[in-house]
Amino acid sequence: MSNNIKFNSNKATKKDDTLYTKFTYENSTVETTEAGAFNVTPTAVDYEFKVDLKTPKTGLMLVGLGGNNGTTLVGSVLANKHNISFETKEGVIKPNYYGSVTQSSTLKLGVGKEGNDIYAPFNSVLPMVSPNDFVVGGWDISKLNLSDAMNRAQVLDVTLQKQLSPYMEKTTPLPSIYYPDFIALNQEDRADNVSNVDSNGKVDTNNKWKDVEKVRNDIKDFKEKNGLDKVIVLWTANTERFADVVPGVNDTADNLLKAIKDNEAEVSPSTIFAVACILDNVPYINGSPQNTFVPGAIELAEKYNSFIGGDDFKSGQTKVKSVLAQYLVDAGIRPISIASYNHLGNNDGYNLSSPKQFRSKEISKASVVDDIIESNQILYNKEKGDKIDHCIVIKYLPAVGDSKVAMDEYYSELMLGGHNKISIHNVCEDSLLATPLIIDLVVMTEFLSRVSYKKADESNYEDFYAVLTLLSYWLKAPLAKPGFKAINGLNKQRLAVENLLRLLVGLPINNELRFEERLL
Ligand code: NAI
Ligand code: DG6
């Protein structure tokens, strides 16, 4: 909570380092009759929330620390922490966290005397950890030190790299778990920092429980060595192929634990990391598209009440899609096809040039319009068709490096047989878009772990449900609670986060009725 903002609400009370808030959750339930009519009833439930206002010393362990996102994250934190400016041909650039909602966006507090909106920095409403204070570490199957890895990534300006190098050259990622079958064969040369090897240095995939224990020990050591209160682990390593979901293997929590002990082939490294974290109540976020969270992993997280979130950072092309598709459908326009093409030349693109890894990304990128289509049965129904032709193409083109090019064509049906075509050419500097999302995912996960709630007539406060769906804004294929459909529209996702912050400080949830102007 910033000292500059005082919330004068009778719903929120601060005692020592804890904020207590009362909130009535209003909604409406809908019953659909056999004849297809709706029966809608308003509902209201009284809740009490509690926020721990102390920000802990927080460690961030990245799986894939030596990659483009990993090194860009470390570089951006160091540049901001040490206030490193650098010269480019366009002038001097001061460090910033542009692209991060928590660090560089604002939210509406209310209206001023004249009835116009007043905004404050997003992270000034309630105490949140600053990325400048993150203690960053992690694993990579490549042993290059972080300075050389930053250089290999070709993301940051070279004058900045020169200043960052002394801070980064002494850090080498921890050896990691490598099951070659899960990432592209073309990554093999990179794998010189592998922990699961036999006495001859040969990769050994037959000690999967040992691999779980190694990750647990690494996290414990990191926490102790750095005197941390909390650690969050985030997967920003290569995209893996999907694991087959096999009954008896990874369909339940118990089966998954047994499968790891039995060295089942369908248990991926990312699931090994997830299980290790869940067992020790360490929040684990998946920034890649693969199905790390097989049903057994979700059940395990529920059992341990350990936070998980995923999947796949929503950075450039898909973020635009989750706004544009929503706009078209909410405007009553009927998208018929979306053709999404992109090419990129970084190591992510190289890995995705392999069909199975591409398939993981294709699934994640395609799912983003599902709930938007389902929301409008005037446009999408049995008679007209209830699907959009949605095509995803990714090509590896080394020359463009990290500057991914995304080209999208939205083809829609207008009134009385008319058509509308929107074409977008979007140069997404991949890692400079993705790294601020990592910051937000960590800041928000840490924050959400300090919030608890109870119904007004209950006595015990509970944590949020294990799958942190409030992180959906930052993710392409948001993981939902089993039985619930994911929300993909970006505006809806952001509204949920904003309203949570507002209610916690005792403000009403946001509405744009603007009666100050509209009523006499
Ligand atoms: P990258 O290829 O530069 O980095 C990945 C790193 O992971 C590499 O250094 C690799 O050696 C390491 N690695 C592979 N398997 C590992 C394992 N088992 N344990 C530890 N390290 C391992 O890729 P980049 O660009 O940093 O992206 C990372 C991930 O984030 C990819 O899966 C990508 O699809 C996903 N992503 C990236 C976005 C972006 O805009 N940059 C957006 C959305 C998702
Ligand atoms: C090719 O699409 C590579 C991917 O890793 C993307 O760069 C990444 O998934 C970001 O995708 P988008 O669709 O959010 O720009």
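The values are calculated or read from the model by the stated rules, or taken from the named source; none is laboratory data. Only a predicted model underlies this, so the values are computations on that prediction, with no experimental measurement involved. With ideal geometry, Cβ positions are generated from the backbone for all residues, glycine too; neighbour counts draw on all protein chains shown.
Applying a threshold of 6 Å to beta carbon distances and a minimum spacing of six or more residues, or different chains, the list of pairs starting in the range 152-169 at a residue that is under 20 Å from Asn83 (Cβ atoms) and assigned by the TED database to the domain that holds Pro398 and ending at one that is surrounded by 14 or more Cβ atoms within 10 Å (Cβ to Cβ) and among the basic types (Lys, Arg) is empty. Under the condition of being free of Cβ contacts under 8 Å to residues at least 12 places away in the same chain, assigned to a strand (DSSP E or B) and exposed (fewer than 10 other Cβ atoms within 10 Å of the Cβ), the residues counted in the range 1-31 number 3.
Quick one: is Val443 touching a residue at least 24 places away in the same chain (Cβ under 8 Å) and either within 16 Å of ligand 1 (Cβ to nearest atom) or more than 29 Å from Tyr380 (Cβ to Cβ) (or both)? Criteria met by Val443.
Here is the figure for the range 402-433: residues that are crowded, with 19+ Cβ neighbours inside 10 Å, among the small types (Gly, Ala, Ser) and within 12 Å of ligand 1 (Cβ to nearest atom) total 2.
Any chance you could count how many residues in the range 334-362 are of a type in the set (S, T, N, Q), more than 22 Å from Pro478 (Cα to Cα) and either within 11 Å of ligand 1 (Cβ to nearest atom) or surrounded by 23 or more Cβ atoms within 10 Å (Cβ to Cβ) (or both)?
Initial filter on the range 334-362 (of a type in the set (S, T, N, Q)): 337, 340, 342, 346-347, 351, 353-354, 357, 360.
Cutting the leftovers down to more than 22 Å from Pro478 (Cα to Cα) gives us 337, 346-347, 351, 353-354.
Imposing the further condition that a residue be either within 11 Å of ligand 1 (Cβ to nearest atom) or surrounded by 23 or more Cβ atoms within 10 Å (Cβ to Cβ) (or both) reduces the set to 346-347, 351.
Residues meeting the conditions: 3.
Would you mind finding the one in Leu432, Leu441 that is in contact with a Phe, Trp or Tyr (Cβ under 8 Å, 6 or more places away or on another chain), within 16 Å of ligand 2 (Cβ to nearest atom), among the aliphatic types (A, V, I, L, M) and part of a helix (DSSP H, G or I)? It would help to see each step written out before you state the result.
Values: Leu432 fails: in contact with a Phe, Trp or Tyr (Cβ under 8 Å, 6 or more places away or on another chain).
Being in contact with a Phe, Trp or Tyr (Cβ under 8 Å, 6 or more places away or on another chain), within 16 Å of ligand 2 (Cβ to nearest atom), among the aliphatic types (A, V, I, L, M) and part of a helix (DSSP H, G or I) holds for just one of Leu432, Leu441, which is Leu441.
Does any residue of the range 21-42 turn out to be in contact with a Gly (Cβ under 6 Å, 6 or more places away or on another chain) and of a type outside the set (A, V, I, L, M, F, W, C)?
So in the range 21-42, the residues in contact with a Gly (Cβ under 6 Å, 6 or more places away or on another chain) come out as 21.
Right, trim to of a type outside the set (A, V, I, L, M, F, W, C) and you get 21.
So far as the range 21-42 goes, yes, one or more of its residues are in contact with a Gly (Cβ under 6 Å, 6 or more places away or on another chain) and of a type outside the set (A, V, I, L, M, F, W, C).
Scanning the range 233-256 for residues that are within 28 Å of Glu188 (Cα to Cα) and away from ligand 2 (no atom under 16 Å from the Cβ) returns Val233, Ala243, Asp244, Val245, Val246, Val249, Asn250, Leu256.
Do we find that Thr43 is part of a strand (DSSP E or B) and either at pLDDT 95 or above or assigned by the TED database to the domain that holds Glu240 (or both) in this structure? Here the answer is yes, as Thr43 does meet what is asked. The condition (being in a loop (DSSP other than H, G, I, E, B) and not assigned by the TED database to the domain that holds Asn69) is satisfied by just one residue among Lys387, Lys395, Lys421: Lys387. Applying the set (1) aliphatic (A, V, I, L, M); (2) surrounded by 22 or more Cβ atoms within 10 Å (Cβ to Cβ); (3) over 16 Å from Gly64 (Cβ atoms); (4) in contact with an Asp or Glu (Cβ under 7 Å, 6 or more places away or on another chain) to Ala253 leaves exactly one unmet item: (2). Kindly establish whether Leu479 is over 18 Å from the mean Cα position of the chain (by Cα), outside any helix (DSSP H, G or I) and of a type outside the set (D, E, K, R). No, not satisfied.
Among the residues making up the range 357-415, those that are out of contact with any helix residue (DSSP H, G or I) (no Cβ under 7 Å at 6 or more places or on another chain), basic (Lys, Arg) and in contact (Cβ under 8 Å) with a residue 24 or more places away in the chain are Arg359, Lys384, Lys395. Mind listing whichever residues of the range 222-243 are surrounded by 12 or more Cβ atoms within 10 Å (Cβ to Cβ) and in a loop (DSSP other than H, G, I, E, B)? Listed by number, the residues that qualify are Asn226, Leu228, Asp229, Thr236, Ala237, Asn238, Thr239, Glu240, Arg241, Phe242, Ala243. I need the helices (runs of 4 or more DSSP H) fully contained in the range 61-168, keeping only those with at least 3 residues that are more than 12 Å from ligand 1 (Cβ to nearest atom), out of contact with any Asp or Glu (no Cβ under 8 Å at 6 or more places or on another chain) and modelled with pLDDT of 95 or more. The helices (runs of 4 or more DSSP H) meeting that bar are 68-81, 158-168.
Among the residues of the range 195-221, the ones that are surrounded by fewer than 20 Cβ atoms within 10 Å (Cβ to Cβ), outside any helix (DSSP H, G or I) and in contact (Cβ under 8 Å) with a residue 12 or more places away in the chain come to 5 in all.
Quick check on Phe447: is it outside any strand (DSSP E or B) and more than 15 Å from the chain's Cα centre (by Cα)?
Numbers: outside any strand (DSSP E or B): yes; more than 15 Å from the chain's Cα centre (by Cα): no.
No.
Figure legend. Inter-residue proximity from the range 264-281: first residues within 16 Å of ligand 2 (Cβ to nearest atom), second residues modelled with pLDDT of 95 or more and not polar (S, T, N, Q), beta-carbon distance below 6 Å, spacing 6+ or different chains. Indicated pairs: Ser270/Trp235; Ser270/Glu240.
Kindly indicate whether Asp181 is within 26 Å of the chain's Cα centre (by Cα), assigned to a helix (DSSP H, G or I) and more than 10 Å from ligand 1 (Cβ to nearest atom). Criteria met by Asp181. What are the residues in the range 482-513 that are aliphatic (A, V, I, L, M), assigned to a loop (DSSP other than H, G, I, E, B) and either within 19 Å of Ser449 (Cα to Cα) or in contact (Cβ under 8 Å) with a residue 12 or more places away in the chain (or both), if any? Selection gives Ala486, Ile487, Val505, Leu507.
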